[in-house]
Structure formats: structure tokens, C-alpha cells
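Derivation of every value follows stated rules applied to the coordinates shown; laboratory data play no part. All values reported here derive from a predicted model rather than from experimental measurement. All Cβ positions, even for glycine, are placed from backbone atoms using ideal geometry, and neighbour counts span all protein chains on display.
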Amino acid sequence: MNRNKVLELAEGLGYFNFSGWGSNSYMMRLEVGGSFGDIYGYKFLRDEQGNILYEQDIPIKDDSDYAKIGNTSPKFNLSWQNTLSYKNFSLYFLIDGRFGGDVLSLTQADLDQYGVSEISGQDRLNGGVMFHGKKIENVEGFYNVVGGRAGISEHYIYDATNIRLRELSLGYTLPNSILGENTFVRNIEIAFIGRNLFFFKNNAPYDPDGILSTGNSLQGIDVFGMPANRSFGINLKANF
């Protein structure tokens, strides 16, 4: 668990941006009262009651200033590992979970604006975008405003909660009768190992644990990063 709060900044400094101004519709920012990992971006324009405003049936972007739209820090991380053994066989697994926190996918925003994402294709087939209880028939107009790197980043914030099978191994230890009594090898274990095998739950359109950089400006931000890898291998362990 990580709990933090910004208590003060340098005198005269209203806020501090980790990422400078640019064409992207987000910014990692520190403000007094906020927390490390706060994501700022553009939101939908709303009235005093919080209702989204529309122009020709398309939601309007509030580009007056950046507003807080999420925070990358999870509420907590939790893992469970265990080893089950039966005779010469052993089964090891590691289930890894991240609960809470937010991520921003500019990849999804760009793909939506170009009309090459799965969801934009489904919207065209369905004759419109289902958005806050209403159907917007102008799919291209919707994603031209909402999508893209300069679009409404609030729409592309996702819950980073995910639970995955991080590692699984199945091993077999050769019995001493096979090794023989005169050999200097005491035992040999052969194991098949798989890592990052699948998600039990994932709310984001990509692996939310993947980051573009260790820099503060790219925590929780997806901008055409490399996809997550699933790996398999064989492990041979011998004791002498």
C-alpha cells in the first residue's frame, strides 16, 4: 500500500508538471492537497448539475484547463504463491493482483479517432455509440472530438485493477533408482515454467502494469507501448 499527500510546494509555485506542455491531452502534475501519481487531462464540458453538454449531439470538450482525471497509485497490491507436492511431482503457482489506481490509454484514443479500433468498428456496425445512456449516431464525429491525443482524455481513463496468473511451473524429480547409487548427482528436477500466462480480471484494454518509461511523466500512460509477453521455458536443476 502507498498513501501520500502533497503538503507544500516551493513558494510561488502553484503546481509542478512532470511532463511539459505538448500535443498530448494529459499531464502528470503535483498540486498541494493532491498525491504523487495524479493524472490531469481534458474533461467533458458539464453544466452546474454535472450533466455533459452537447453540440449537434456530440459531447463538448472542456479545454479551459487541465483537470484531475485519475491517479496511478493502486489502493493495494496482493499476491498469493503456493507449492503443491505429490510424490515426485510439484506444482507451483503465483497469482498476482493490483487493486485500484488508474491508467490512461492514448493508444486507444488514437485508434478510435482513426476508426481502426475494435470498439469503433462495433459502434459503426451497431449504428451508433452508446454514451451515458444515449445513442450517438455520428460515430465518426464522436471519435473525432473524443479520440486522438488531443481529445477528451477523461474518456480514456481505465481502472487499473487486474489479477493474473503471473507464474506457473510443473516439476518432476527423478527418483534415486534412475540416478543410481554411485552417481555424484543427488537429485535432478525437470520443470516446465510459464510466466504471465493470462488474466483472471483486467479492466483496461492493455496490460496496465506495462509502462513506457521509469520517468515520472509516463507512469500509468500507454502510448503505443510494446504488448505484454507470455513466456514458456524448461528448467533443469541438479543437486550434487
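Residues in the stretch 83-96 carry Karplus couplings, in order, of 10, 10, 10, 8, 6, 8, 9, 9, 10, 10, 9, 10, 9, 10 Hz; the curve used is 6.51 cos²θ - 1.76 cosθ + 1.60 with θ = phi - 60°, and Gly or Pro positions show x. A simple rule links phi to the HN-Hα coupling: the Karplus curve 6.51 cos²θ - 1.76 cosθ + 1.60 with θ = phi - 60°, which for the stretch 128-136 gives x, 9, 7, 9, 6, x, 10, 9, 9 Hz, with x for Gly and Pro.
In the stretch 120-214, taking the dipole from charged Cβ atoms about the Cα centre, the farthest positive-side position among ASN144, ALA204, ILE193 is held by ASN144. Counting every alpha-carbon pair across the stretch 110-151, the share separated by more than 17 Å comes to 20%. Backbone amide hydrogens, once placed in the peptide plane, bring ILE39 within less than 5 Å of ILE69, GLY70, ASN71, THR72, excluding anything fewer than 5 places away on its chain.
Projecting the Cα atoms of ILE95, TYR156, LEU13 onto the dipole axis of the chain, where Lys and Arg carry +1 and Asp and Glu carry -1 at the beta carbon, places ILE95 farthest toward the positive end. The phi-based Karplus calculation (6.51 cos²θ - 1.76 cosθ + 1.60; θ = phi - 60°) puts the 3J(HN,Hα) values of the stretch 29-37 at 9, 9, 10, 4, x, x, 9, 4, x Hz, whole numbers, x for Gly and Pro. Cross-link reach is defined here as a Cα-Cα straight distance under 23 Å, omitting same-chain residues fewer than 8 places apart; for LYS87 the lysines meeting it are LYS237.
Ratio of the stretch 15-239's C-alpha Rg to 2.2 N^0.38 Å, to two decimals? Display every interim value, and only then the final one.
On the way: Rg = 24.1 Å, N = 225, 2.2 N^0.38 = 17.2 Å.
Dividing the Cα radius of gyration by 2.2 N^0.38 Å gives 1.40.
Using the average count of surrounding beta-carbon atoms within 10 Å as a protection proxy, the listed peptides 115-123, 74-82 rank, highest first, as 115-123, 74-82.
For the chain, with only Lys/Arg (+1) and Asp/Glu (-1) charged at the beta-carbon, what is the dipole magnitude about the Cα centre, in debye rounded to 20?
Working: 21 positive and 27 negative charges, 245 e Å.
Its charge dipole is roughly 1180 debye.
Residues in the stretch 33-50 near a label at SER64, defined as backbone nitrogen under 19 Å from the 7 Å Cα→Cβ point? Under cut-off, by backbone N: 40-50. For the chain, DSSP calls about 95 percent of its internal beta bridges antiparallel.
Around the amide H of LYS75, modelled in the peptide plane, lie the amide H atoms of PHE99, GLY100, GLY101, all under 5 Å away and 5 or more residues distant in sequence or on another chain. Under a straight-distance cross-link criterion of Cα-Cα below 22 Å, which lysines are reachable from LYS5, leaving out those fewer than 8 residues away in the same chain? Within the straight-line limit of under 22 Å, LYS5 reaches these lysines: LYS68, LYS75.
Which of the peptides 126-133, 160-167, 94-101 is most tightly packed, and how do the rest follow, judged by the mean count of other Cβ atoms within 10 Å per residue? Could you put the intermediate results ahead of the total?
Details: 126-133: 12.6, 160-167: 18.9, 94-101: 17.1.
Answer by packing, highest mean first, reads 160-167, 94-101, 126-133.
Taking amide H as placed 1.01 Å from N in the peptide plane, LEU45 has its amide H under 5 Å from the amide H of LEU53, ILE60, LYS61, ASP62, each at least 5 places away in sequence or on another chain.
Roughly what percent of Cα-Cα pairs across the stretch 37-132 reach past 17 Å? Mind dumping the intermediate values first?
Numbers: 3303 of 4560 pairs.
More than 17 Å apart: 72 percent of the Cα pairs in the stretch 37-132.
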